[in-house]
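Reading through the structure tokens given below for one structure.
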Amino acid sequence: MSSPEINSDVAILIVAGGRGVRAGGELPKQYRDVAGLPVLTHTLNRLSEALPGAAILTVIHPDDLDLYENAAGRSHASNLLGSAQGGATRQASVFAGLKRLHQLKNNIKFVIIHDSVRIFSSNKLIMNGLAAAREFGAAVPATPVSDSLRRNSADGFSEPVDRAGLLAVQTPQCFSLDLILDAHEKATASGRQHFSDDASLIECAGILVKTFPGDPANFKLTLPEDFVTAEALLLSRLADIRTGYGYDVHAFGEGDHVWLGGVKIPHKRGLVGHSDADVGLHALTDAILGAIADGDIGMHFPPSDPRWRGAASEIFLKEAMRRVRERGGMVANLDLTIVCEEPKVGPHRDAIRASIAAIAGLDIRRVAVKATTSEQLGFTGRREGIAANALATVRLPLQGASA
Ligand code: MG
């Protein structure tokens, strides 16, 4: 990793405007979850870790603003410039992004253009590309082709192609911003709109492109099986598996509603507490903090601090999730049990589950909500308050064990 100052003249343009139909599924592939996070989130995190000083702009399809905001919100990347609207082709999208970048940041000299669906680009690959761009103005990673090649002819027949000297092109492709902007302007002005990548486009403007070694691990998530491979790879890195437990109680007092798991439930009494007294979210927050051995809710949000008076408890759960993601980890599941005689939780269970999943930024299939009474025994049985128990399973990168 380089220090932020060194690459403050570098920006990253993530190309995320495609529709990704070949990967299957309901969402464009760059927004589908892999190992608990959208593909784009992994990409933003990876690039930001490699180049913490570089601003990141993402070019998106105009229909995908909500999907982008969700992916960016779940990223721990530090330097996101937001999104720019792409065009009808990849080339038009990159051009729109480059122009926006130029407007937003006048100190940028180099730009790294990267596919949103390559989540495994190594520091070495990115640094090599940047170094080559600083020296030559334009650089592209490429790998030798290992399969034998054939060209389709007709009616299901094909002819051999000599693969000697042939290379498969990847991203990140790295350029002087002035050179690549100029090349895009020329290509658009002359009506050439279908370059499949920026290296071929800039070459058309007469600029020589330096080739540097690509990386077979830097594959593009294209087909359904690529997603299976990517998930297996990511999960194999998150092999430090932790379980955390959280418990919370709040007493009934004045009021006409209670908050449970971020859902407002009408009731003849309220719960007493410094914040909104959401026992469910408090127990879940402590379970996650417990799994990463990072104190408890009272330590991070002291009741003595007036900032948390009446606070919506979703900020506590979000902060616990942020702490997991900051460590490069993921929450594999949350399991909450609410204990009370009243209000009846059952009718609200699905809403509570959806609310927790939304607050935590988790797939709903990773969130369970259960409810029970205590058979009229103890303080919950006497209707004096509500208790909540929670478990969280967290997966951390292996080096997290020594931290
Ligand atoms: Mg509490």
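Taking amide H as placed 1.01 Å from N in the peptide plane, Ile119 has its amide H under 5 Å from the amide H of Leu221, each at least 5 places away in sequence or on another chain. Computed 3J(HN,Hα) for the stretch 138-148, one whole-Hz value per residue from the Karplus formula 6.51 cos²θ - 1.76 cosθ + 1.60 where θ = phi - 60°, is 7, 8, 9, x, 8, 10, x, 7, 9, 6, 5, glycine and proline marked x. Packing around the peptides 302-311, 163-172, 42-51, 8-17, taken as the average count of other Cβ atoms within 10 Å per residue, puts them in this order, highest first: 8-17, 42-51, 163-172, 302-311.
At the listed q of 0.15, 0.19, 0.27 Å⁻¹, the Debye profile of the stretch 196-242, built from one uniform point per Cα, gives log10 I(q)/I(0) equal to -0.64, -0.77, -0.99. Put simply, the stretch 161-224 fits an ellipsoid with semi-axes of 24, 14, 14 Å; these come from the alpha carbon gyration tensor as the roots of five times its eigenvalues, largest first.
Please state the shape class of the stretch 296-371: rounded when a/c is under 1.5, otherwise prolate if a/b exceeds b/c and oblate if not, all from the C-alpha gyration tensor. Don't jump to the answer; show the numbers that get you there.
On the way: a/c = 2.28, a/b = 1.18, b/c = 1.93.
Judged from the Cα gyration tensor, the stretch 296-371 comes out oblate (a/c at least 1.5, b/c at or above a/b).
Shape summary: the chain maps onto an equivalent ellipsoid whose semi-axes, from the alpha-carbon gyration tensor, are 49, 22, 19 Å in decreasing order. Considering only Met330, Met127, Met321, the mean-square fluctuation computed in a Gaussian network model of the chain, springs between alpha carbons under 10 angstrom, is largest for Met127. Straight-line cross-link reach from Lys220 at under 26 Å between alpha-carbon atoms covers these lysines, not counting any fewer than eight positions away in the same chain: Lys29, Lys99, Lys124, Lys210.
Going from the alpha-carbon gyration tensor of the stretch 4-147, what semi-axes, largest first and in whole Å, does one get by taking the root of 5 times each eigenvalue? Don't skip to the answer; put the middle values down first.
On the way: eigenvalues 103, 64, 49 Å².
So the three semi-axes of the stretch 4-147 are 23, 18, 16 Å.
For the stretch 160-273, just say rounded, prolate or oblate: build the C-alpha gyration tensor, square-root its eigenvalues into a ≥ b ≥ c, call rounded for a/c under 1.5, and beyond that prolate if a/b exceeds b/c, oblate if not.
Working: a/c = 4.19, a/b = 2.31, b/c = 1.81.
Because a/c hits 1.5 or more and a/b exceeds b/c, the stretch 160-273 counts as prolate.
The portion of the accessible surface of the stretch 109-195 made up by carbon and sulfur, rounded to a whole percent, is 52 (1.4 Å probe; DNA, RNA and ligands excluded). Among beta bridges from DSSP that stay inside the chain, the antiparallel ones total about 60%. What shape does the stretch 186-337 have by the C-alpha gyration tensor, where a ≥ b ≥ c are the square roots of the eigenvalues, rounded means a/c under 1.5, and otherwise prolate means a/b greater than b/c and oblate the rest? The shape class here is prolate.
Largest GNM mean-square fluctuation across Phe301, Phe157, Phe110, computed for the chain with C-alpha springs under 10 Å, falls on Phe157.
When the charge dipole of the stretch 29-147 is built from unit charges on Cβ atoms (+1 for Lys and Arg, -1 for Asp and Glu) and taken about the Cα centre, the candidate among Val111, Ser122, Tyr68 whose Cα reaches farthest toward its positive end is Val111.
Accessible area per residue for the chain is 46 Å², calculated with a 1.4 Å probe on protein heavy atoms, without ligands, DNA or RNA.
Hey, in the GNM for the chain with a 10 angstrom Cα cutoff, which one of Gly82, Gly280, Gly191 fluctuates hardest? The residue with the greatest mean-square fluctuation here is Gly191. Ligands, DNA and RNA excluded, the heavy atoms of Asp363 present near 40 Å² of accessible surface to a 1.4 Å solvent probe.
In order along the stretch 257-268, the Karplus-derived 3J(HN,Hα) couplings, from 6.51 cos²θ - 1.76 cosθ + 1.60 at θ = phi - 60°, round to 7, 10, 9, 9, x, x, 10, 7, 10, x, 7, 6 Hz, and Gly and Pro are given as x. Proximity of backbone amide H atoms, modeled 1.01 Å from N, is registered between Ala371 and Ile338 at under 5 Å, excluding neighbours fewer than 5 places apart on the same chain. Averaging the Cα positions of each part gives two centres, and for the stretch 150-213 and the stretch 257-306 these lie 55 Å apart. Sequentially through the stretch 243-254, phi angles give Karplus couplings (6.51, -1.76, 1.60; θ = phi - 60°) of 10, x, 10, x, 9, 8, 9, 10, 8, 6, x, 4 Hz, Gly and Pro residues having no value and appearing as x.
The values are calculated or read from the model by the stated rules, or taken from the named source; none is laboratory data. From a predicted model like this one, the values you see are computed outputs, not experimental measurements. FYI the Cβ positions are ideal-geometry reconstructions off the backbone, even for glycines, and counts take in every protein chain you see. The area values use the complete protein model at the heavy-atom level, side chains included, leaving out ligands, DNA and RNA. Shrake-Rupley method; radii C 1.70, N 1.55, O 1.52, S 1.80 Å.
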